[in-house]
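What follows is a set of notes on a single structure, which appears directly below.
The values are calculated or read from the model by the stated rules, or taken from the named source; none is laboratory data. Because the structure is a prediction, the values reported are computed rather than measured. Cβ placement follows ideal geometry from the backbone for every residue including glycine, while neighbour counts extend to all protein chains displayed. SASA here: full protein model, heavy atoms, side chains in, ligands and nucleic acids out. Shrake-Rupley method; radii C 1.70, N 1.55, O 1.52, S 1.80 Å.
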Amino acid sequence: MSIYDRFGVRTIINAKGPSTRLSGGFLDPEVAAAMNEAATYCVEMAELQAGASKVLAEITGAEAGIVTSGAAAGLLMGTAACITGLDPGKMSRLPDTRGMKNEVIMVRSQRNFYDHAVRTTGAKIIEVGLPDRYAGAGVRDAEGWEIQEAINPQTAAVMYVAGGGSQPTLPEVVRVAHSQGVPVIVDAAGQLPPASNLKRFIEEGADLVAFSGGKAIGGPQSSGILAGKRDLIMSAILQNLDLDIYWEQWAPPESLIDKKRLCGAPPHGIGRPCKVGKEIIIGLLVALKKFVAETEEARGRRLRTHIDKLYGLLADADHARVQVTSGSIPKLELTVLKDAPRTAMEIVVELERGDPSVHADPSRVRTGVISFSPWCLKEGDAEKIAARVKPLLRY
Ligand SMILES: *Cc1c(COP(=O)(O)O)cnc(C)c1O
């Protein structure tokens, strides 16, 4: 029985990993306890974010940082910050960007569902480069000169999605953008682990970087980090905080918001709907400290136990081959053979619909491969997964 039963909702076994659609992962008891405690007090939100900024600056190497309601919220507020700077008039007019820099350059192959957050600000995405992969002979993606060539007086930022194969490299993009005074925002939502990536993109020159708190960090599902240049973070938080306050009364912490630099306080900004609760901020900070305290080896070993167990249980499954992937965080891949009673897609669907509901990673299901990720597995889940999978592979 769980709290969800009270509301007629079933819980699932999550072998897909911390997807938002599947509610992310689950919280370490220490994180959950911290959130519980945080929930029993009131604080001033600007002071809490200033406290978070100190921790985030230390951990990311950036000048400042804030806790957001997710990486996508960070992209939204980061883009807004690049458009408005510290001008409260511009902040109040978004998403109407008339008279402002309103173009955000993106490499075409990096376009993705989350860039809606960039467009939400009123910015227009200017695509560059052609990922020439389908032509057989094609080898190229976007190149630095193409970004350079797209920069003009309307350019507010370059949006860069970090990933194994992202082209051009971030240092190259930074070099080109900074040579024309344009900031670079990095979407690094899914780039953890390794924890060293918390510092990497800032070191490589990013002006802003957004991470998910609800993925590998193990923070609350609706949390994230936006870290970077002090002025941009100041602008971002000004467009996120509730500013229902008299100017005379308003005394924000100077380390985060330097009131002297403002001609007035903006009304609620474009990021106000991305509200972050105090429990979320504390939960993210406690989870982040735990995340950086664990070595990559220890993390790999901890998660590997689920995969080793699952491998042992599924090794003799009928009409399938199982294999453990290499890499620091292994996954189990189950290849459904041609003579199996069901296709991989049918098995994925059956696993989800049955009881207990098991969600596997279907990203390669069309090639017959079902993957199982250890990120959100609990003690005992491997046995339950194997008990569901094996009968589906039998006639
Ligand atoms: C998950 C993800 C996001 C969104 O992160 P949230 O924390 O869920 O808002 C954005 N960009 C990329 C590349 C992602 O993988």
### Members of region 62-102 that are within 14 Å of the ligand (Cβ to nearest atom) and part of a loop (DSSP other than H, G, I, E, B)
SER69, GLY70
### Message
Conditions first: (1) assigned to a loop (DSSP other than H, G, I, E, B); (2) in contact with a Gly (Cβ under 7 Å, 6 or more places away or on another chain). ARG388 passes all but one, so which condition is the exception?
### Response
(1)
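Given the residues ARG108, ARG21, ARG10, which is the only one that is in contact with a strand residue (DSSP E or B) (Cβ under 8 Å, 6 or more places away or on another chain), open to solvent by 60 Å² or more (accessible area, probe 1.4 Å) and within 16 Å of the ligand (Cβ to nearest atom)?
Values: ARG21 fails: in contact with a strand residue (DSSP E or B) (Cβ under 8 Å, 6 or more places away or on another chain); ARG10 fails: within 16 Å of the ligand (Cβ to nearest atom).
Testing whether each residue is in contact with a strand residue (DSSP E or B) (Cβ under 8 Å, 6 or more places away or on another chain), open to solvent by 60 Å² or more (accessible area, probe 1.4 Å) and within 16 Å of the ligand (Cβ to nearest atom) leaves just ARG108.
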### Query
What is the one condition in (1) open to solvent by less than 60 Å² (accessible area, probe 1.4 Å); (2) away from the ligand (no atom under 16 Å from the Cβ); (3) in contact with a strand residue (DSSP E or B) (Cβ under 9 Å, 6 or more places away or on another chain); (4) within 25 Å of LYS229 (Cα to Cα) that LYS124 does not satisfy?
(1)
### Task
Could you please let me know if LEU314 is over 27 Å from the mean Cα position of the chain (by Cα) and surrounded by 14 or more Cβ atoms within 10 Å (Cβ to Cβ)?
yes
### Message
Just the residues that are open to solvent by 10 Å² or more (accessible area, probe 1.4 Å) and part of a loop (DSSP other than H, G, I, E, B), please, taken from region 192-216.
### Response
LEU192, PRO193, PRO194, ALA195, SER196, GLU204, GLY205, ASP207, LYS215, ALA216
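Residue under question is ALA293, and the condition is that it be within 30 Å of VAL43 (Cα to Cα) and without any contact (Cβ under 8 Å) to a residue 40 or more places away in the chain; does it hold?
Yes, satisfied.
Any chance region 37-46 includes a residue that's at pLDDT 95 or above, surrounded by 19 or more Cβ atoms within 10 Å (Cβ to Cβ) and among the charged types (D, E, K, R)? Spell out how you get there, then give the answer.
Going residue by residue through region 37-46, those that are at pLDDT 95 or above are 37-46.
Okay, now just the ones that are also surrounded by 19 or more Cβ atoms within 10 Å (Cβ to Cβ), so 38, 46.
Okay, now just the ones that are also among the charged types (D, E, K, R), so none.
For region 37-46, residues at pLDDT 95 or above, surrounded by 19 or more Cβ atoms within 10 Å (Cβ to Cβ) and among the charged types (D, E, K, R): absent.
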### Query
Quick check: anything in region 217-224 at positive phi and modelled with pLDDT of 95 or more?
yes
### Task
Would you mind stating whether ILE237 is more than 16 Å from the ligand (Cβ to nearest atom), crowded, with 24+ Cβ neighbours inside 10 Å and in contact (Cβ under 8 Å) with a residue 40 or more places away in the chain?
yes
### Summary
Picking from GLY65, GLY129, GLY70, the residue that is surrounded by 24 or more Cβ atoms within 10 Å (Cβ to Cβ), over 16 Å from LEU232 (Cα atoms) and in contact with a strand residue (DSSP E or B) (Cβ under 6 Å, 6 or more places away or on another chain) would be GLY70
### Task
Please indicate, with yes or no, whether at least one residue in region 190-197 is at pLDDT 95 or above, within 10 Å of the ligand (Cβ to nearest atom) and closer than 17 Å to THR295 by Cα.
yes
